[in-house]
Amino acid sequence: MESTIIKSVGYNAYFGDNHVVKNVNMEIARNKAIAVMGPSGCGKTTFLRGINRMHELIPGATANGQILLDGEDVLEMHPIFVRLKIGMVFQRPNPFPNLSIYDNVIAGYLLNGIKLPKSEKDIIVEKSLTKVALWNEVKDSLVKKGSFLSGGQQQRLCIARAVAMEPEVLLFDEPTSALDPISTSTVEDLFHELKRNYTLIIVTHNMQQAARVSDLTAFFYMGELVEYDDTKVMFTNPKDTRTQNYITGRFS
Amino acid sequence: MTAKKNISSKIKFRIGISGFFKGLVILFAFSCVIPLLFILFYIIQAGASKIKWSFLIHDELSDSAGILHAILGSFEIVIFASLISIPIGILCGIFFSENKGSKFTYWSRLAVDILQGVPSVVVGVIAYAWLVRPFHQPSAIAGSIALAIMMLPIIIRSTEETLNLLPDSLREAGYALGLPFHRVVLKVIVPCGISGILSGVMLSIARVAGETAPLLFTAYGCTFLSNDITKPMETLPHLINKFATQGDPKVLDMAWGAALILLFWVLLLNIFTKLITRKWKVQL
């Protein structure tokens, strides 16, 4: 029996009067990788940012409906608690340029003023960097600045930074669109490892990526959740003609 | 054939114009430096002979008259002005950059721009009306507040412009880790923009260090070493003004010496600013 970790009930998101996410109902099971795909401007990123309340940071952005995290509505919770439970990785790698690699990993503790003994910090840093397959590459240069790394390494550092907070869910907003093909495949490999411990929601406009990394796929079109099913079913036997048109490349 | 010839002669003409224009740009760029070189040359020539140890460690009343009281007074007044204006200025700059769209920001920013354009003598008169007249005596602190008002717009605008250059992704990285607003500002935004903020602060200090008008009727000036900020205090620009208008050639020489010291101070501040900006620059 799979347990639901996130359940979206009639979720709507707006930019001013612009209704960008329309009545989304969706259940996400624990320890699965969910790909969210759709053409540009279909509301997939907005929906993702709604899950950890990042959406409302944009002036004029509002939302209603419910997004339940373990049965608790994140729209009712304080955003800080939501974001501690739901980590996020962005489109462009954004390590803190003023912090070392080591400090970047524990940034969630460091910048929140949570004091940890050195030994515990060492463990968190090594564990998190190992999880993102970066430990061997950077273990000798932990004191260097995060911006010293290559783009792909920076993105894995950002994933490590999110993982270090031990969240339940990790959100990825087109995490490989700014990376080269080799870094992309490294990050994609990570998804298989990460979903043992976390639930992953990955926004991508790369269909092949969705097919490669996810267990389930959601297709958004014009702000609506058109179809949500097993990735295999979605790519071989989609029910909705819009999904069919999208995956056969009739529009993008 | 003639068409081709036409084109090549046109191109030759353009190359000529281009060369002429380049020369013009270099000429004007150089002519900007000339006044500075003249000022430097003149002040060093006139003031260098005065710069002796005794000139720097005595006040005006001693037998070997010096300008120590003005140097220390200038330092003290500028330091107090900084203590007032730096926190307010930086916080205000942060506010402007974090609330770009709001009406309140628009009007406050306009107010800051206007404040920057207020003549320094007017600022001095205001400080006089607020702080000198009610207490019936000029005071160093009144001078500090006048200078602080002059520093504010420079610090605010440079802070705001520095922070506006930081990518939004940095703020988002902070928020996504569950940081509250004040921690995003203090732990992420400000450290990343620190070199720009500091250079604004240093430039504002360099700017007011030489201001005379706001001090004329606030800090006023005195002839001996004084550390009481509720009493009048001498400053370098005020001392130069006083000595230069007395008509005594000996005293005029002292004004040149003081001018050299002041110039040197401001120059050092500017060099220091450049160094800080380079050293603390965060590579984005």
Legend entry - Vicinal HN-Hα couplings computed from phi for region A:13-20 (Karplus, 6.51 cos²θ - 1.76 cosθ + 1.60; Hz; Gly/Pro x): 10, 10, 10, x, 8, 7, 7, 9
Legend entry - Distance in nm between pseudo-label sites at A:SER141 and A:ASP215 (7 Å out along the Cβ direction from Cα): 3.6 nm
Inset, instruction - May I ask you to find the residues of region B:155-182 that are shielded by at least 40 Å² of accessible area once the whole protein assembly is considered instead of their isolated chain (probe 1.4 Å)? - result: B:GLU172, B:ALA173, B:TYR175, B:ALA176, B:LEU177, B:GLY178, B:LEU179
Legend entry - Prolate/oblate/rounded label for chain B (Cα gyration tensor, a/c 1.5): oblate
Legend entry - In region B:81-148, the trypsin sites (Lys or Arg not before Pro) that fall in loop regions by DSSP, at most 13 other Cβ within 10 Å: B:LYS100
Inset, instruction - Roll a 1.4 Å probe over the protein chains and send me the accessible area per residue for region B:150-204 in Å². - result: 31 Å²
Inset, instruction - Count the DSSP beta bridges whose two residues both fall in region A:4-247, then state the antiparallel fraction as a percent rounded to the nearest 5. - result: 60 percent
Inset, instruction - Would you mind telling me the share, in percent, of accessible area of chain A contributed by carbon and sulfur at probe 1.4 angstrom? - result: 50 percent
Legend entry - Part-to-part distance (alpha-carbon centres) for region B:78-155 and region A:174-252, which is given in Å: 55 Å
Legend entry - Total accessible area lost when B and A pair, probe 1.4 Å, Å² to nearest 100: 1700 Å²
Legend entry - Peptide A:76-86 - average C-beta neighbours from other chains (10 Å radius): 2
Inset, instruction - Sort out for me the Cα centre separation of region A:88-102 from region B:211-284, rounded to whole Å. - result: 45 Å
Inset, instruction - Would you please name the chymotrypsin sites (Phe, Trp or Tyr not before Pro) within region B:215-264 that are DSSP coil residues with at most 16 other C-beta atoms within 10 Å of their C-beta? - result: B:PHE224
Legend entry - Average Cα contact separation per residue, chain B, under 8 Å, 6 or more apart, as relative contact order %: 25 percent
Inset, instruction - Filter the trypsin sites (Lys or Arg not before Pro) in region B:160-250 to those in DSSP coil with at most 11 other Cβ atoms within 10 Å of their Cβ, and list the result. - result: none
Inset, instruction - Give the residues of region B:63-89 whose amide nitrogen is closer than 20 Å to a point set 7 Å from the Cα of B:ASN227 in the direction of its Cβ. - result: B:66-83
Legend entry - Buried on assembly, region A:32-72 (at least 10 Å² less accessible surface than by itself, 1.4 Å probe): A:ARG49, A:MET54, A:LEU57
Inset, instruction - Using Cα positions and a limit of under 21 Å, work out the lysines in reach of A:LYS118, with same-chain residues fewer than 8 apart set aside. - result: A:LYS127, A:LYS131, A:LYS139, A:LYS144, A:LYS145, B:LYS187
Inset, instruction - Report the net charge of residues surrounding A:ALA63, where surrounding means a beta-carbon distance below 11 angstrom and charges are Lys +1, Arg +1, Asp -1, Glu -1. - result: +1
Legend entry - Residues with amide H under 5 Å from that of A:VAL36, placed H, sequence gap 5 or more: A:ILE202, A:VAL203, A:THR204, A:ALA218
Inset, instruction - Would you work out what percent of the accessible area of chain B, with all protein chains in place, is carbon or sulfur (probe 1.4 Å)? - result: 72 percent
Legend entry - Phi to ³J(HN,Hα) by Karplus 6.51 cos²θ - 1.76 cosθ + 1.60 over region B:189-206, Hz, x for Gly, Pro: 5, 5, x, 6, x, 4, 5, x, 5, 5, 5, x, 4, 5, 5, 5, 5, 4
Legend entry - Label zone at A:ILE182, where the point sits 7 Å out along the Cα-to-Cβ direction: region A:131-145 residues whose backbone N lies under 17 Å: A:133-138
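The values are calculated or read from the model by the stated rules, or taken from the named source; none is laboratory data. Everything numeric in this text was worked out from a predicted model, so none of it was measured. Backbone-built Cβ (ideal geometry, glycine too); neighbour counts: all protein chains shown. Heavy atoms of the whole protein, side chains included, go into the accessibility calculation; ligands, DNA and RNA do not. Shrake-Rupley method; radii C 1.70, N 1.55, O 1.52, S 1.80 Å.
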